[in-house]
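What follows is a single structure, written as structure tokens, with notes after it.
The values are calculated or read from the model by the stated rules, or taken from the named source; none is laboratory data. Keep in mind that what you see is a predicted model, and the values were worked out from it rather than measured. Neighbour counts run over all protein chains shown; Cβ positions are idealised from the backbone, glycine included.
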């Protein structure tokens, strides 16, 4: 009951044009022949992660997206602001495939034993270009899914799980013992909450709404602080004091949240230090910004002494830092807990064409916590 | 012709009071008996460094300083703003001596051989409480000055020279090969310019005024960018591109300068990288904030990918990082070049009482580049 492999199939593309617009479309491209160490995956599910949006939307104003073309082959354009355009120079005129990860069925395999062994199997894969009906992937980038697991369950096996594992590994590598996490009710945040519980790592969850507090508390979270509450700074200082958290991962980026976290860490450190120290506490306080839900500037008030750092954190350099063996260890961990710790949930499923409807684009561009789209390229 | 040692002598003190003011005064304190490994230094010169101002002024509004008491024993009060007061809690009511470094004559010595060997010598010393007529110091904190060198020439032997050496050492420890420095026409900036030339480390100097550009160029600086010039971003990008500088030390702290430096580093890295990278260039770009000439918030626009960091940098933790041997090596270097690379200059000399005149306080609180005070406690 195998489906015949077509000669061509659809692939989602994003291109930035000279006139400062991004254009999204579905291109008919040749289905590739897998090389010796590759498998051809019929992609059945691919999530839209925040980390896909930069490449997909190129910083364009999604609220001004306009669609033309037939319903099954839409062409969407949206304006790219001046401020963003400078960073886009190198991709002007280059039509780029999108989609960091996904899962599907191996429908053809290269000559190597490792490739042949995957024929007919469901696999998750990372490596880009997954918003497509077919994708040829190196065997090394595939994670075989347990027998009987549908592709949709394995579509988010890399980005969020490896990021969650990466946060806790980074904590250990840099000699911290507890974590603070923002936008903590996200799919990723819920995973981190589960993983920290199983690792007995104290975690301070920062959310923005009461129902998100409730969600995390009902999932067993010990420390949940609502940044919209008038008592937020006191609540966070108390939670940071009890957990001794000196490392935070921040998904918001813009605004004062990163700075507020450092302020509370410093207040907690000073409270336990006793005597006055003219340059602040000696304990190093770090915030890594790994997302940009708020694209405005980050504002640092610097009222936390001199032992602090803020910086970008990205999965790929972290994986390079821990090396191939480290990556393999983390992937085994993900595979073993794919339906428990590292389970994902989606609020909507769309086809490739559905992912290019302006209202859908606007919905995922908002990156509302709790809202997550899954593309079914062959659905 | 040795002066008799008095039983008591003056020491400058700073105390933050419950009613949110800082009070500066000269206290009559007992001249200490040196312990076995200590020497008693008659302090002849001590600089007012930016790093002394936090302890001295406690973030008070110097423009509102009011002096009472006799001319030779003034008592100055100035209001501490609400925003700063929170960080001052631990020092409320604690009268604190001030002055990170200075130089003078050893007029008494403890029983150890090392202490006795310094008797009668001119020494520079670090360790705090140097805004005083007499200070007992551990021998390990003393740097004997070359024969015949007046104390004033050795008064700034630690903070600025070690900071300059620390910047270049940090650059090497963290695998960078060139530096960017702001407020580059300062005493410290001029030292860094000389040291980088002798070490053949490419240095990009950022200043704010044409005469500062001229000062540094006439001192042999290859790269000087004026942040007030309309072409600043292009100039800095070009200089960073030519030097491949990926590390900056920023004395200003507040505002957008740190962010602008990262933006220019990213532009230079992208220009040399060729193809578009969705998360920005892979090269890590770092700004260390070591001063706070602008006490306003630091604003980061984050248009420089994910491989970036901003953080505080302080001399003391750096010295701990390199250990005793490393510190000894740097101190030998300073001693050998005290009248060349590491020479300081002062715009004004004042007595202890003179340092507490409101107009003088306001002058050094402004931290104008090129203006530097030297206190002569026995002058």
Response to the item:
If we take region B:23-82, then strands (runs of 3 or more DSSP E) inside it with 3 or more residues that are touching a helix residue (DSSP H, G or I) at 6+ places or on another chain (Cβ under 8 Å) and crowded, with 20+ Cβ neighbours inside 10 Å are B:38-47
Discussion item. Looking at region A:269-286, can you tell me whether even one residue there is in contact with a helix residue (DSSP H, G or I) (Cβ under 6 Å, 6 or more places away or on another chain) and more than 12 Å from chain B (Cβ to nearest Cβ)?
Written reply: no
Worksheet item: Considering only region B:300-332, how many residues are buried (at least 18 other Cβ atoms within 10 Å of the Cβ), at the interface with chain A (Cβ under 7 Å from one of its Cβ atoms) and closer than 13 Å to residue B:261 by Cα?
Response: 6
Item to complete: Within region A:55-75, count every residue that is under 20 Å from residue A:351 (Cα atoms) and under 24 Å from the mean Cα position of the chain (by Cα).
Response: 5
Practice prompt. Could you tell me whether region A:109-125 includes any residue that is crowded, with 16+ Cβ neighbours inside 10 Å and closer than 27 Å to residue A:359 by Cβ?
Written response: no
Response to the item:
In region A:224-241, residues that are without any contact (Cβ under 8 Å) to a residue 24 or more places away in the chain, within 14 Å of residue A:257 (Cβ to Cβ) and surrounded by fewer than 20 Cβ atoms within 10 Å (Cβ to Cβ) total 4
Response to the item:
Over region B:111-135, the set of residues touching a helix residue (DSSP H, G or I) at 6+ places or on another chain (Cβ under 6 Å) and not in a strand (DSSP E or B) is B:114, B:115, B:127
Worksheet entry | Flag for residue A:254 being in contact (Cβ under 8 Å) with a residue 24 or more places away in the chain, on the phi > 0 side of the Ramachandran plot and either surrounded by fewer than 23 Cβ atoms within 10 Å (Cβ to Cβ) or not in a helix (DSSP H, G or I) (or both) | no
Worksheet item: What's the number of the condition residue A:110 fails, among (1) within 14 Å of chain B (Cβ to nearest Cβ); (2) in contact with a strand residue (DSSP E or B) (Cβ under 6 Å, 6 or more places away or on another chain)?
Response: (1)
Fill in: Condition met for residue A:229 (part of a loop (DSSP other than H, G, I, E, B) and at pLDDT 95 or above)
yes
Worksheet item: Is there a residue being over 17 Å from the mean Cα position of the chain (by Cα) and either away from every other protein chain (no Cβ under 14 Å) or modelled with pLDDT of 90 or more (or both) anywhere in region A:338-347?
Response: yes
Practice prompt. List the helices (runs of 4 or more DSSP H) that sit entirely inside region B:136-216 and contain at least 3 residues that are buried (at least 24 other Cβ atoms within 10 Å of the Cβ).
Written response: B:159-173, B:187-199
Item to complete: Confirm whether residue A:242 is at the interface with another protein chain (Cβ under 9 Å from one of its Cβ atoms) and at pLDDT 95 or above.
Response: no
Worksheet item: Give me the pairs: first residue in region A:53-66 and within 11 Å of chain B (Cβ to nearest Cβ) and at pLDDT below 95, second residue surrounded by fewer than 20 Cβ atoms within 10 Å (Cβ to Cβ) and part of a loop (DSSP other than H, G, I, E, B), beta-carbon distance under 7 Å, and six or more apart or on different chains, which are they?
Response: A:54/B:278; A:55/B:278; A:59/A:81
Discussion item. Please go through (1) modelled with pLDDT of 95 or more; (2) within 27 Å of residue A:244 (Cβ to Cβ) for residue A:186 and return the number of the only condition it doesn't satisfy.
Written reply: (1)
Item to complete: Look at residue B:378 and say whether it is away from every other protein chain (no Cβ under 12 Å), crowded, with 17+ Cβ neighbours inside 10 Å and farther than 29 Å from residue B:83 by Cα.
Response: yes
Worksheet entry | First in region A:68-85 and without any contact (Cβ under 8 Å) to a residue 40 or more places away in the chain, second anywhere and assigned to a helix (DSSP H, G or I) and surrounded by 13 or more Cβ atoms within 10 Å (Cβ to Cβ), Cβ under 6 Å, 6 or more apart | none
Practice prompt. State the number of residues belonging to region B:299-327 that are closer than 16 Å to residue B:265 by Cβ and under 20 Å from the mean Cα position of the chain (by Cα).
Written response: 2
Item to complete: Exactly one condition in (1) within 14 Å of chain A (Cβ to nearest Cβ); (2) modelled with pLDDT of 95 or more; (3) not in a loop (DSSP other than H, G, I, E, B) is not met by residue B:102; state its number.
Response: (1)
